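What follows is a short report on a single structure.
The values are calculated or read from the model by the stated rules, or taken from the named source; none is laboratory data. Computed from a predicted model, the values in this text were never measured in an experiment. For neighbour counting, all protein chains shown are included, and Cβ atoms are generated from backbone atoms with ideal geometry for every residue, glycine included. These area figures cover heavy atoms from the full protein model, side chains too; ligands, DNA and RNA do not enter into them. Shrake-Rupley method; radii C 1.70, N 1.55, O 1.52, S 1.80 Å.
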Amino acid sequence: MNLAELNQEYTAKDPQAIITHALALPGKAVVTTHFGPLEAVILHMASQIRPDVQVIWVDSGYNTKATYRCAEKIMQQLKLDVDVFTPKISAARQEAALGGIPLYTEPTHAEFTEHFKLEPFRRAMAAHTPTIWLTALRKEQTEFRQSLDIFTKDSKGVLKVAPLFHWTEEQLREYLAAHDLPNEDSYYDPTKALENRECGLHTSP
């Protein structure tokens with residue numbers, strides 16, 4: 001598979017065409033989500049093309065009540081097959097006995113991110129062993145993501161597909177409205193601290 005040629009071929013195509021191509025490839029496909037803002041777009045697109053597509057949700061336990069309510073609405077409306085993976089340390093235990101969320105600048109924040117995001121994600125991928133990973137990452141989100149593309153491979157050789165890579169937030173919100181999809185902007189990721197920071201999911205081996 002020539003990723004450069006694949007990215008050139010699909011750079012101007014719509015996300016549905018990209019998802020259709022990805023889901024037609026041999027092997028198992030999964031789509032990951034955090035059920036944050038605008039996430040219903042990729043979940044709707046993928047489930048319209050393959051209703052039984054496997055969805056993986058790494059739930060840190062720190063989501064807002066509004067996010068949890070919105071997640072339930074999306075799951076019910078789209079009839080998603082969601083497998084939820086949670087940290088081995090609960091948010092309640094972290095807050096009560098382990099010092100809460102460390103400052104982003106502290107060395108301990110990397111350990112916190114490992115416990116609450118990276119380890120559950122690796123466990124999810126090991127459990128499902130996908131060869132194709134659909135993700136909602138977009139070019140405009142962070143400086144680091146501008147160096148990525150629609151089709152990339154992670155360190156394990158999994159084909160990572162970002163169908164919405166070239167879409168803007170405006171396009172996503174128009175899609176949500178056109179398809180009457182639930183959305184909630186009240187979202188909190190304790191591993192990122194700021195919106196334009198990476199949590200490590202797309203930068204770690």
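Pairs only if they're at least six apart or on different chains, beta carbon under 8 angstrom, first in the range 8-27 and on the phi > 0 side of the Ramachandran plot, second open to solvent by less than 20 Å² (accessible area, probe 1.4 Å) and part of a loop (DSSP other than H, G, I, E, B); list them, first residue then second.
Taking only residues 6 or more apart or on different chains, the pairs are G27/P130.
Could you check the range 133-159 and list, in sequence order, the residues that are in contact with a Lys or Arg (Cβ under 8 Å, 6 or more places away or on another chain) and either touching a residue at least 60 places away in the same chain (Cβ under 8 Å) or buried (at least 21 other Cβ atoms within 10 Å of the Cβ) (or both)?
If the condition is that a residue be in contact with a Lys or Arg (Cβ under 8 Å, 6 or more places away or on another chain) and either touching a residue at least 60 places away in the same chain (Cβ under 8 Å) or buried (at least 21 other Cβ atoms within 10 Å of the Cβ) (or both), then W133, T135, L137, R138, F151, T152, K153, L159 are the ones that fit.
Pick from the range 81-132 the residues that are charged (D, E, K, R) and closer than 20 Å to A71 by Cα: which of them is surrounded by the most Cβ atoms within 10 Å (Cβ to Cβ)?
Start the filter on the range 81-132 by keeping residues that are charged (D, E, K, R), which leaves 81, 83, 88, 93, 95, 106, 111, 114, 117, 119, 122-123.
Now restrict to residues that are closer than 20 Å to A71 by Cα: 81, 83, 117.
On the way: D81: 13, D83: 12, K117: 22.
So the residue we want is K117.
Out of the residues in the range 40-59 meeting the condition of being open to solvent by 30 Å² or more (accessible area, probe 1.4 Å) and charged (D, E, K, R), tell me which one is nearest to E169 (Cα to Cα).
R50
Return the pair list, or none, for Cβ contacts closer than 7 Å from residues in the range 164-182 that are without any contact (Cβ under 8 Å) to a residue 60 or more places away in the chain to residues that are open to solvent by 20 Å² or more (accessible area, probe 1.4 Å) and outside any helix (DSSP H, G or I), at least 6 apart or on different chains.
If the second residue must be open to solvent by 20 Å² or more (accessible area, probe 1.4 Å) and outside any helix (DSSP H, G or I), the pairs left are F165/K139; F165/D149; T168/E140.
Pick out, from the range 48-148, the helices (runs of 4 or more DSSP H) lying fully within it that include 3 or more residues that are over 23 Å from P26 (Cα atoms). Let's see the steps before the verdict.
Working: elements: 65-78, 91-97, 108-113, 119-128.
Passing ranges, in order: 65-78, 91-97, 108-113.
Please specify each residue of the range 60-80 satisfying the condition of being of a type outside the set (A, V, I, L, M, F, W, C) and surrounded by fewer than 20 Cβ atoms within 10 Å (Cβ to Cβ).
Result: G61, Y62, T64, K65, Y68, R69, E72, K73, Q76, Q77, K79.
Which is out of contact with any Phe, Trp or Tyr (no Cβ under 9 Å at 6 or more places or on another chain) and small (G, A, S), of A110, A71, A127? Show your work before the answer.
Details: A71 fails: out of contact with any Phe, Trp or Tyr (no Cβ under 9 Å at 6 or more places or on another chain); A127 fails: out of contact with any Phe, Trp or Tyr (no Cβ under 9 Å at 6 or more places or on another chain).
From the options A110, A71, A127, the qualifying one is A110.
Quick check on my filter: what residues within the range 116-135 are at pLDDT below 95 and within 17 Å of P163 (Cβ to Cβ)?
Once the filter is applied, which keeps residues that are at pLDDT below 95 and within 17 Å of P163 (Cβ to Cβ), the range 116-135 yields nothing.
Based on this model, can you work out whether L164 counts as surrounded by 19 or more Cβ atoms within 10 Å (Cβ to Cβ), within 18 Å of D83 (Cβ to Cβ) and within 14 Å of the chain's Cα centre (by Cα)?
No; evaluated as a whole, the condition is false for this residue.
Return the pair list, or none, for Cβ contacts closer than 6 Å from residues in the range 48-76 that are at negative phi to residues that are part of a helix (DSSP H, G or I) and open to solvent by 40 Å² or more (accessible area, probe 1.4 Å), at least 6 apart or on different chains.
Cβ pairs passing all conditions: I49/T20.
Can you tell me which condition T113 does not meet? The list is (1) touching a residue at least 60 places away in the same chain (Cβ under 8 Å); (2) under 17 Å from H44 (Cα atoms), and all the others hold.
Evaluating T113 over (1) touching a residue at least 60 places away in the same chain (Cβ under 8 Å); (2) under 17 Å from H44 (Cα atoms) leaves (2) as the failure.
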